[in-house]
Amino acid sequence: MANRDLNQPLGGNTMPRFGGPATMMRLPSQRDAAGLDAAFVGIPMDIGTSNRPGTRLGPRQIRDESRMLRPYNMATGAAPFDSLQVADIGDVPINTFDLKKSIGIIEAFHTDIVTAGCRPLTLGGDHTLTWPILRAMAGRHGPVGLIHVDAHADTNEQMFGEEIAHGTPFRRAIEEGLIDTRRMVQIGLRGTGYAADDFDWARQQGARVVPAEQCWHQSLTPLMAEVREQVGGGPVYLSFDIDSLDPGFAPGTGTAEIGGLTPPQALEIVRGCRGLDLVGGDLVEVAPPYDPSGNTALLGANLLYEMLCVLPGVTYRN
């Protein structure tokens, strides 16, 4: 039985799934992370995008598509609401007209979360947001290990002469010493590039890069065993770009690339993080205007739930 002192998602037999609060998993909401073990937080931002906009609407749609999620993970036995205090703490109040100011706002907001001893699970929003979150993480934990799942390396030196954009966050984070690159893995990179060595910069810094072609037609459970071996031994952050999945499964994103991961592979990646000291995670680049069925946001909601299920301290019932 769940501890009644812990927040629980609003059940579908108490309130119809199409009713109730518009929070992640219809959880209780609160203004900050005080007293929480984990928090869902939105960043409604697309001012860092380079192609199709719309990710500012991502957090709201992910929350809406999360209404079917139930407390217990039937595949893994995870029962996060039996042992963790979890709530939805709303959205970061970014400055939608100023990307640079928004970076500072996101960093400060997430610094407050981690200072409260809470692990944030962030609903994006474009991928620029991961850089200031990593600043907050490093301020609390020092350089962190990173599992980065994406179609793109996001290590550009600049875009249109700008150093801050959704294609540059990991370049900036590595340059600032926020990531322990010996404990960094990028999974799912693919597509065309501006130069033949576009995926090599992170390798040169000591990271492992796993292109999508190395993932085709196979389970990623063995890969994740290797990833755990590499990134373990310290705090780890998980950043998951929904465009890592093939656009046949996740069309609602701004920079789609064919030949991507499948939903079962995405589940294997997140579930493969069990046992790591996961200090937070994000799910980014869901663009509802290109997601007429809602399937992309549905995938995002489920992957965020799976991230919750692998946080330290989760109870398992089988």
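The values are calculated or read from the model by the stated rules, or taken from the named source; none is laboratory data. Only a predicted model underlies this, so the values are computations on that prediction, with no experimental measurement involved. Here the Cβ is made from the backbone with ideal geometry for all residues, glycine too, and neighbour counts use every protein chain on show. Ligands, DNA and RNA are stripped out before the accessible areas are found, and what is left, the full protein with its side chains, is counted by its heavy atoms. Shrake-Rupley method; radii C 1.70, N 1.55, O 1.52, S 1.80 Å.
Each peptide in 213-221, 165-173 gets a packing score, the mean of other Cβ atoms within 10 Å over its residues, and the list from highest to lowest is 165-173, 213-221. Between GLU213 and PHE97, full extension at 0.36 nm per residue minus the direct alpha carbon distance yields a gain of 37.9 nm.
In the context of the full set of protein chains, residues of the chain present 41 Å² of accessible surface per residue (probe radius 1.4 Å, heavy atoms only). Full extension of the chain between GLU157 and ALA34 gives 40.6 nm of extra length, using 0.36 nm per residue less the Cα-Cα distance.
Counting only alpha carbon atoms, the long axis of helix 99-115 and the longest principal axis of the chain meet at about 50°. Roughly what angle does helix 130-141 make with the longest principal axis of the chain, taking Cα atoms, 0 to 90 degrees, to the nearest 10? Roughly 70 degrees between the two axes. The phi torsions of region 309-318, fed into the Karplus equation with coefficients 6.51, -1.76 and 1.60 and a -60° offset, translate into couplings of 5, 10, 5, x, x, 6, 7, 10, 9, 8 Hz, rounded to whole numbers, with Gly and Pro shown as x.
Once you order the gyration tensor axes a ≥ b ≥ c over the Cα atoms, which shape class does region 36-316 get: rounded for a/c under 1.5, otherwise prolate or oblate by comparing a/b with b/c? Rounded is the answer for region 36-316, as its axis ratio a/c remains below 1.5. Relative to the longest principal axis of the Cα atoms of the chain, the long axis of helix 221-231 makes an angle of roughly 80 degrees.
Label-to-label distance for ARG17 and ALA225 is 3.6 nm, based on points extended 7 Å past Cα in the beta-carbon direction.
Summarising the overall dimensions of region 123-169 from its C-alpha atoms, the Rg and Dmax are 11.4, 33 angstrom. Near ASN95, the amide H atoms lying under 5 Å from its own belong to SER102; only residues 5 or more places off or on other chains count, and H is placed 1.01 Å from N.
Once neighbouring chains are kept in place and the probe is 1.4 Å, which whole percent of the accessible area of region 36-316 is contributed by carbon and sulfur? The nonpolar share, carbon plus sulfur, comes to 51 percent. Between ILE269, ILE174, ILE43, the residue with the greatest mean-square fluctuation in the GNM of the chain (Cα pairs under 10 Å linked by springs) is ILE174. In the Gaussian network model of the chain, springs joining C-alpha atoms below 10 Å, which of ASN73, ASN302, ASN51 carries the largest mean-square fluctuation? Its mean-square fluctuation being the largest, the pick is ASN51.
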